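Notes for the one structure printed next.
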Amino acid sequence: MRGLLTLKDLSTETIIDLIEYAIKLKNGYKVSYPNKKVATLFYENSTRTHYSFQCALINLGINVLQCDTNSSSVQKGESLYDTVKTFESLGVDGIVIRSSQDEYFKELENIKIPIFNGGDGKTNHPTQSLLDLMTIYEEYGKFEGLKCCIIGDIVHSRVAHTNIEIMKRLGMEVYISGPEEYNDNSSTFIPFEEAIATMDVIMLLRVQFERHTESMSMSVNEYHKTYGLTLERVSKMKPSAIIMHPAPVNRGVEIADDVVECSKSRIFKQMTNGVYIRMAAISYAMDGKL
Ligand code: ASP
């Protein structure tokens, strides 16, 4: 299949190339595909991924067809495959998809146009991981030997699952922390306070209530008290360490209001980088390299 579905399909060499190309685009390099059309199909809520894909497409001179999943034939029971096949038949050159179904793209094996995965269930979020990696690379200029702890609702997080695999492959030490009820053993678990004091990258996650089947065992206030990143905890971080979060952030839960834009936070930089990394991935696909 073409496009970008999961980072497991990409070599580390291609990942570094994409990051370096995104940095080149950020520095002003121009590339344009004026006769191309790409559709966006979001079956789950999204602000950053949806609109940064759209900004990326506009920046590349590509026409965007924003499919309203509430008014399309999906509501008449059409399958994902038939919807995507329809866009392919209309002459669309690529399609961005987000779905709550894990690995929905396995149904789309016969589709020839590139598909860009905007997130599937709890499994993959490849462009989010690439923008996270780009942000780390801009900060440290390397991956090898860096320590990152992902903190929070790991079990429901496609961001955590994608990042753990790729960060380890790039030579980083990756840990997880936060409430024991969200520990799915996808990496080594360490105590929260130890993570704060020893990591190069603290990556926070929101509690993803919409994916829960049972309610959280503690109150939101208790969560903040025990696992929230407050300015006091930030003062215990390594001087060079940074804070990341895929957002949306829940201020006053996993992160204190005044930490969101503190000097260690790279949260809004991640969003900016998301546009360039998506431009890089789309440009690669339009050139037949993905
Ligand atoms: N925006 C990220 C995602 O789509 C993280 C989140 O929703 O908490 O997975």
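Read-outs: derived from the displayed coordinates by stated rules, not from any lab. What you are looking at is a predicted structure, and each value in this text was computed from that prediction instead of being measured. So basically every Cβ, Gly included, is an ideal-geometry build from the backbone, and we count neighbours across all protein chains shown.
Assorted remarks:
- Divide the volume of the convex hull around the Cα atoms of segment 109-225 by the residue count and you get 128 Å³ per residue.
- Over the chain, equivalent-ellipsoid semi-axes from the Cα gyration tensor in Å: 32, 22, 16
- Burial ranking of peptide ranges 42-54, 216-228 (average Cβ count within 10 Å, highest at the top): 42-54, 216-228
- Crossing angle, helix 12-26 versus the chain [Cα axis fit, 0-90 degrees, rounded to tens]: 80 degrees
- Calculation over all alpha carbon pairs of segment 81-129 in 5 angstrom steps from 0 returns a P(r) of 5, 21, 32, 23, 14, 4, 0 percent.
- With all projection directions averaged, the alpha carbon convex hull of segment 55-98 covers 3.5 nm².
- Among the listed pairs LYS30/LYS122; LYS26/LYS168; LYS24/LYS289; LYS37/LYS264, those beyond 29 Å (Cα-Cα): LYS30/LYS122; LYS37/LYS264
- When all alpha carbon pairs of segment 151-211 are counted in 10 Å bins from zero, the resulting P(r) reads 23, 59, 17, 1 %.
- Cα Rg, Dmax (largest Cα-Cα span) when computed across segment 161-290, Å: 16.2, 50
- Choice from VAL96, VAL31, VAL159 showing the highest fluctuation, given a GNM over the chain with Cα pairs closer than 10 Å: VAL31
- Peptide ranges 272-282, 129-139 listed from the most packed, as the mean C-beta count within 10 angstrom indicates: 272-282, 129-139
- Dipole of the chain computed with +1 at Lys/Arg Cβ and -1 at Asp/Glu Cβ about the Cα centre; of TYR43, MET1, THR226, farthest Cα towards the positive end is MET1.
- Summed side-chain charge close to LEU60 - residues other than LEU60 whose Cβ falls under 14 Å, Lys, Arg +1, Asp, Glu -1: +4
- Relative to the dominant Cα principal axis of the chain, helix 48-59 is inclined by about 50°.
- Computed helical MRE - 222 nm, the chain, DSSP H runs ≥ 4 contributing -39500 (n - 2.57), nearest 500: -11000 deg cm²/dmol
- Theoretical gain in end-to-end length, HIS212 to PHE189 [0.36 nm per residue, Cα-Cα removed]: 6.2 nm
- Computed over every Cα-Cα pair of segment 63-169 and binned at 10 Å starting from 0, the pair-distance distribution P(r) comes out as 12, 37, 28, 18, 5, 0 percent.
- Packing-based ranking, highest mean first, of 76-84, 245-253 given that Cβ atoms within 10 Å are counted: 245-253, 76-84
- 14 Å beta-carbon shell around ALA197, net charge (K/R +1, D/E -1): +1
- Taking 37 °C and 0.692 mPa s as conditions, segment 229-288 diffuses translationally at an estimated 250 µm²/s according to Stokes-Einstein applied to its Kirkwood radius (Cα pairs).
- Charge sum, other residues only, whose C-beta stays under 10 Å from VAL31's C-beta, Lys/Arg counted +1 and Asp/Glu -1: +1
- Euclidean distance of C-alpha centroids, segment 1-37 and segment 45-114, integer Å: 18 Å
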